[in-house]
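First the structure, in the form of structure tokens, and then the observations on it.
Rule-based calculations on the coordinates, nothing more; no lab input. Quantities reported herein were computed from a predicted structural model and do not represent experimental measurements. As a convention, Cβ positions derive from the backbone with ideal geometry for all residues, glycine included, and neighbour counts pool all protein chains shown.
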Amino acid sequence: MTNNATDYQALVKYYASQIDKLVIAGLPPYENHGREVILVDDHNLHHAVHDLLQAPYLGFDTESKPNFIKGEKSNGIAIMQISSSSRCYIFQMQNITDPTVLGELVMHSKTIKIGVGLKDDLAKLRSQYKFHPAAFVDLGTIFRAFGRRNSVGSKQLVALVLNQKLRKSKKATMSNWAIETLSPLQISYASDDAFSGVDVYLRLREVFAPYTAVLDKNILKLLDLATAGK
């Protein structure tokens with residue numbers, strides 16, 4: 001593609017579209033390709049935070065123990081999964097004595113954290129840990145800037161941007177995330193969510209980098225491309 005407004009508008013139109021569920025079902029599966037996944041407790045907490053702070057872009061998500069009684073108070077964050085493009089750390093909050101160490105990362109203004117549907121996650125970070133989250137980018141906000149009207153989940157994003165199918169297990173979604181020993185299914189589910197967020201973001205930056213001259217200012221900022229080429 002040449003770097004012009006017509007090509008840019010075609011890209012934006014595509015990303016504002018919706019891929020049918022049947023089409024997604026036929027896509028190749030999203031895989032983390034053997035990237036390292038590490039469970040975090042007090043013993044490796046400082047190392048994990050230090051390692052993640054070396055990366056400019058991180059995938060972010062949380063999981064909470066589900067409620068099964070209508071009107072029951074929402075449970076707090078059980079795990080946080082945060083990944084660079086090369087490894088994912090799963091922070092088991094019940095095994096972390098001093099969560100303020102993790103707060104250094106959550107509140108770091110130079111490290112961009114990317115996720116989907118972050119409103120509830122950020123609210124829990126504020127209420128549960130008194131963190132003031134900084135530099136978080138919700139992929140849904142980017143796609144609304146493309147002109148998308150309906151909400152977009154991670155399965156749709158992975159299909160649109162990576163042309164792959166993100167597997168979402170209801171068994172994992174509704175499982176007990178506060179359990180002492182996470183199952184292989186839970187670990188896979190959690191790490192896929194974090195890896196896919198950063199993978200989608202980095203791919204979008206790659207796709208739109210040639211179009212900085214015509215990019216909408218809001219998209220330019222959200223994709224951290226404002227200084228590209230300068």
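Positive contributions from Lys and Arg (+1) and negative ones from Asp and Glu (-1), summed over other residues with Cβ under 13 Å from the Cβ of residue 33, come out at -2. Counting every C-alpha pair in the stretch 9-62, the share spaced more than 12 angstrom apart comes to 81%. Working note: 222 nm ellipticity from helices only, DSSP H runs with n ≥ 4, each -39,500 (n - 2.57), summed and divided by the residues of the chain, gives -10500 deg cm²/dmol to the nearest 500. Multiplying the residue separation of residue 42 and residue 22 by 0.36 nm and subtracting their alpha-carbon distance yields 2.8 nm.
Simple point charges give the picture: +1 on the Cβ of Lys and Arg, -1 on the Cβ of Asp and Glu, and for the stretch 1-118 a dipole about the Cα centre of about 380 debye.
Around residue 168, with a cut-off of 11 angstrom between Cβ atoms, what is the net charge of the other residues, counting Lys and Arg +1 and Asp and Glu -1? Intermediate values should be presented prior to the final figure.
On the way: positive: 155, 165, 167, 170, 171; negative: 192, 193.
Value of the local net charge: +3.
Just the C-alpha atoms of the chain: what Rg/Rh do they give, with Rh taken as the Kirkwood radius?
Numbers: Rg = 17.9 Å, Rh = 18.5 Å.
Checking Rg against Rh, the ratio lands at 0.97.
In Å, the Kirkwood hydrodynamic radius of the stretch 1-125 over pairs of distinct alpha carbons? Working shown, then result.
On the way: mean 1/r = 0.0575 Å⁻¹.
Roughly 17.4 Å, rounded to one decimal.
Here the stretch 5-222 is treated with +1 on each Lys and Arg Cβ and -1 on each Asp and Glu Cβ, and its dipole about the Cα centre works out to around 880 debye.
In this model, which of 113/170; 13/165; 124/170; 13/65; 124/217; 168/221 are farther than 32 Å apart at the alpha-carbon? As for pairs spanning more than 32 Å Cα to Cα, those are 13/65. Under the shape rule built on the C-alpha gyration tensor, where the axes satisfy a ≥ b ≥ c, the stretch 61-195 is rounded, since a/c falls short of 1.5. For residue 110, a cut-off of 14 angstrom between C-alpha atoms picks up these aspartates and glutamates, skipping any fewer than 8 places away in its own chain: 224.
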